[in-house]
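A.B. asks: Got a structure here, written out as structure tokens. Questions coming.
Values in this text are rule-based calculations from the coordinates and carry no lab data. Only a predicted model underlies this, so the values are computations on that prediction, with no experimental measurement involved. Note: ideal-geometry Cβ built from the backbone for every residue, glycine included; neighbour counts use all protein chains shown.
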Amino acid sequence: MGPFCGGFYSPDFRETMLKVELHAHTSEDPNDRIPHTAFQLVDRASELGFHALAITLHDKQLDSPDLAAYARDRGLLLIPGIERSIGGRHVLLINFPASAERVQTFQEIAALKQQCDGLVIAPHPFFPFKTCLREWMDRHPDLFDAVEFNHLYTRAVDFNRAALRWARKHGKTVVGNSDVHRLAQLGQTYTCVDAEPEVKSICRAIRDGRVQIETAPLSLCRAGLFVGQVFLSGWRRREPDPAPPCTAAPDRLF
Ligand SMILES: [Zn+2]
Ligand SMILES: [Zn+2]
């Protein structure tokens with residue numbers, strides 16, 4: 001596994017940075033069926049030496065003081081997070097208040113962002129799935145603080161390349177995430193953040209670009225396995241989301 005992105009890498013500098021994952025699902029997810037609980041994810045992240053973790057369930061922000069204390073006892077900082085669907089497209093909202101569960105449009109995200117120190121991250125933005133932002137990225141580029149470099153790629157097939165181009169063009173930070181649906185996904189791609197181990201400091205460092213990605217391509221076998229598992233999670237969906245569907249017209253989402 002090697003360093004990626006940024007021209008200031010040095011092994012000594014890397015030692016002082018926080019190991020962070022900003023995109024992970026658990027069995028508490030209201031949409032996808034995930035085999036591991038949030039406590040099991042915390043255990044695994046702790047074993048792998050992570051310092052901070054955002055659990056980003058679909059359309060639900062997990063708020064558990066017991067879980068936060070459990071993580072803290074294991075040296076892991078939990079960062080509030082949610083993967084919200086806006087018009088069916090996924091957006092990661094990091095360190096937003098619980099009301100982020102109810103935002104329906106990008107305008108509402110922008111308004112909420114004025115009231116908090118939250119980060120807006122574009123997850124898997126140019127993957128060929130209907131939940132990916134793709135052309136919507138250009139409608140409101142200022143809204144995004146960072147773009148995800150997703151762990152799901154091989155040497156031959158890499159949908160992150162378009163994300164890197166977009167981030168470079170717009171001067172955005174790139175963060176490495178694993179979009180964890182299975183524990184085995186955690187740790188292959190993640191972000192090293194030059195920050196103090198507290199939420200605001202981590203968010204500020206990401207916004208300022210003081211990050212480095214650690215990543216390595218998956219083998220074809222592992223990539224195929226993970227794709228199958230992620231799709232299986234989606235196909236075996238739970239009952240429909242109790243939240244009201246987004247009724248805004250597409251041009252009003254921005
Ligand atoms: Zn997603
Ligand atoms: Zn996700």
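A.B. asks: Among Cys221, Thr191, Cys203, pick out the residue whose Cα is farthest towards the positive end of the charge dipole of the chain, where Lys and Arg carry +1 and Asp and Glu carry -1 on C-beta, about the Cα centre.
C.D. replies: Cys221
A.B. asks: Give the dimensionless ratio obtained when the Cα radius of gyration of the chain is divided by 2.2 N^0.38 Å.
C.D. replies: Relative to the rule-of-thumb radius for its length, the chain sits at 0.93.
A.B. asks: log₁₀ I(q)/I(0) of segment 5-153 at q = 0.19 Å⁻¹, via Debye over equal Cα point scatterers, no solvent, to two decimals?
C.D. replies: These q points yield log10 I(q)/I(0) values of -1.24.
A.B. asks: Once you place label points 7 Å from the Cα toward the Cβ at Arg155 and Arg168, how far apart are they in nm?
C.D. replies: 2.1 nm
A.B. asks: If only Cα atoms are counted, what is the Rg of segment 160-206, and what is its Dmax, in Å?
C.D. replies: 12.8, 33
A.B. asks: Between Asp66 and Arg102, what is the label-to-label distance in nm when each label sits 7 Å out along the Cα-to-Cβ direction?
C.D. replies: So the label points at Asp66 and Arg102 sit 2.7 nm apart.
A.B. asks: Then there's this: Under the definition of Cα pairs under 8 Å and six or more residues apart, what whole-number percent is the relative contact order of the chain?
C.D. replies: Here the relative contact order equals 23 percent.
A.B. asks: Okay, next question. Might you report the magnitude of the Cβ-based charge dipole of the chain about its Cα centre, with Lys and Arg at +1 and Asp and Glu at -1, to the nearest 20 debye?
C.D. replies: 740 debye
A.B. asks: Report the convex hull volume per residue for segment 86-200, counting only C-alpha atoms, in Å³.
C.D. replies: Expressed per residue, the convex hull around the Cα atoms of segment 86-200 is 131 Å³.
A.B. asks: Among the lysines in segment 2-236, how many pairs, 8 or more places apart or on different chains, have alpha carbons under 22 Å apart?
C.D. replies: Eligible lysine pairs with Cα atoms under 22 Å apart amount to 8.
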